[in-house]
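Down below is the structure, laid out as C-alpha cells.
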Amino acid sequence: MKLYYEASRFLDDPKSGSLQNRVFGAARDGKIQSDPKHVYALVLSTLKYRPFLAQIIRKSRLLELEKKSKLTQPLALLLVHDLLLSKGGRIHSKHHPLKDAVIRNKTRLHAELTKLKLKHGVRTLEDLVEDDDTPVRWFRANLVRTTTNAVLAALAHLRRVDCVADIQKGTIYHDKYVPDLFGVHPREALVSLPIYQSGDVIIQDRASCFPAFILAPRPDKDKIIDACAAPGNKTTHLAAILGNSPESIIAFEKNPERAKTLHKMCEKAGALGCVRIQQGDFTQTEPSKYSDVTALLVDPSCSGSGIFGRGFEENDTQEHTQERLKKLAGFQVAIMKHAMRFPNAKKIVYSTCSVHAQENEQVVVDLLLDSTVRAQGWRMCSRKDVIPAWPRRGLVEEFSALDDPQRCADGCIRTVPQEDGGIGFFAVAFERD
Ligand code: SAM
C-alpha cells in the first residue's frame, strides 16, 4: 500500500514544479521509498482520467459504503485507477483493509465504468480523454522573431483552408479574428518543427489571444502592466503587438516558481528587452508610482472551468463549488479595482478561462455598480472595440441590474469549450477618457 500512500501526496496541484520534478526530487531527498518511475506513471495516468474516476467513485458510492475502512478520495482515485485501467486490473499491494474495501466493490465499479463508456459512446476511456482534448491546435506567429509570411512559408506543406470546420491533418487555417494566428489539426507535428523550437511560433489557444488583441497597445506610446502574467502567453503576445519596443511591459507574477517560467517564456519568445518581470503581488503595488502606465491586462487566477477536464467537478458538492466561486470572484473584483486605481490608465482588459457567470459577467456588474469605479470614470467598452465580429457575447440576463443589459452583454466575449474551437473563455474591456 506504500506506493499508493506515497503517490497520493502528488495528486494535488501545488501550482509549482512539474510532476516529474516533484516525484523524482522527493525520491532523491529520501521522502518516498517506492520506485519514482512507478509513482510518476501512476499519478500521471490517474490525473489524466481523474474526472471520470471521480465520477465512477461517486456513482458507485464507494466512499460511503466503505466508510469504516477510512478510504480517502485520493487513495480511492489511485486504487480504482489500477483496478479499472491498469493492465490486468491489479492493485499493487498485499492484503490491506483499503485494498479489500475496493475489491469488495469491484463489480459495482466495473458496472459504473461500463455505463460511463456507453453514455459517451466510446470503447475505452482512452477514447474519451482524446475526445476531451482541444479540437484545434492554435499557434501564433511570434512577431518579435518572425513574420506571418515566414511562418506560412515554413508550413507550405500544409494546404490552406478557409474555415475552422475544414481543419484536418495536412491543412492550416489562418484565423479571421486574430491576425497572425493559425490553427492546425491537434495531431499535426508542430512541436518537433524548428519554427516551434526557435520560438518563432507560440502555441496559444485562440480565445487566450483575444485579451492582448483587444487591449491593442500602441508601440512607443503605451506602457502596459500585465497584472497576472505567468506563464506568459499574453505577455509575449503584448510584446509582439508592441513591436518588442524596449521596457514597454511590466509583468507581475506572485508565485516565484511561475515567475521563473514566465522568464523562460519571455526569453524563448525574444521579449526580455520589452518585458520587465516583477515577481510579487500586484495588489500590493502603489499605483501612484506608475504614472507612466497607460493600460493594464488583468487575467487573474480563476476556476479554470473553461479548460478541458477542469470543469468536471463530479466529486465537488454544489455548496463547495459555490463557495469556491464566491472566493475567486471576490479576489477578481479586488484585483480589478486595484488595476482601476492606476492614475493614467485609460484601458483595462479583464479575462478568465472560466465559464461561470460569477467570475465573468457578475464581476463586471460589481465593478460597474461600484461608486469608486464610477467616480474614476471607468465604463465598459462597447462591442465595436471588442472583436465585434465574434458572434458569442456575454449573458444578457446577468446584466439586469444595469441600464442597458443588451449593450453590456454585447461588450463581452464568451467562448464555449470545444464548440468554439478551443477553451471556454471570457473577455471584457474598460476604458475612460
Ligand atoms: N496571463 C497568463 C497567460 O496568459 O499565460 C495566465 C495567468 S494565470 C490565469 C493567473 C496567474 O496570476 C497565476 O500565475 C497566478 O500565480 C498569478 N497571480 C495570482 N494572484 C496574483 C497577484 N495578486 N499578483 C500577481 N500575480 C498573481
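A straight line joining the Cα centroids of region 95-119 and region 358-372 runs 45 Å.
Quick one: order Glu6, Glu319 by neighbouring beta-carbon count within 10 Å, fewest to most. Don't skip to the answer; put the middle values down first.
Values: Glu6 23, Glu319 8.
So the residues, fewest neighbours to most, are Glu319, Glu6.
Against the chain, whose longest principal axis comes from its Cα atoms, helix 19-28 is set at around 60 degrees.
Could you grab the relative contact order for the chain? Cα pairs under 8 Å, six or more apart, rounded to a whole percent.
With pairs under 8 Å counted, the relative contact order is 12 percent.
Percent of C-alpha pairs per 20 Å bin in the chain, short distances first: 23, 52, 24, 1.
Over region 182-307, the ratio between the Cα radius of gyration and 2.2 N^0.38 Å evaluates to 1.07.
Take every Cα pair under 8 Å whose residues are at least 6 apart in sequence, average their separation, divide by the length of region 133-203, and the relative contact order is 42 percent.
Summarising the strand pairing of the chain, around 55 percent of its internal DSSP beta bridges are antiparallel. With respect to the chain, whose longest principal axis is taken over its alpha-carbon atoms, helix 106-120 is tilted by about 40°. For the options Val43, Val161, Val416, a Gaussian network treatment of the chain with springs between C-alpha atoms closer than 10 Å singles out Val161 as fluctuating the most.
Evaluated over the Cα positions of region 207-431, the convex hull gives a direction-averaged projected area, one quarter of its surface, of 12.3 nm².
Could you tell me the distance between the Cα centroids of region 415-429 and region 152-194, to the nearest Å? Here the two parts' Cα centres lie 19 Å apart. Please give the helix 36-60 orientation as an angle from the longest Cα principal axis of the chain, in degrees from 0 to 90, rounded to the nearest 10. Tilt relative to the chain: about 90 degrees. Here the mean projected area of the convex hull built on the C-alpha positions of region 343-433 is 5.9 nm². From helices alone, the chain scores -11500 deg cm²/dmol at 222 nm; the rule is -39500 (n - 2.57) for each run of n ≥ 4 DSSP H residues, then divide by the residue total.
Throughout, read-outs are computed from the coordinates displayed, never taken from laboratory work. Note that the structure is predicted; figures quoted are calculated from it, not measured. Neighbour counts are summed over all protein chains in view; Cβ atoms, including those assigned to glycine, are modelled from backbone coordinates with ideal geometry.
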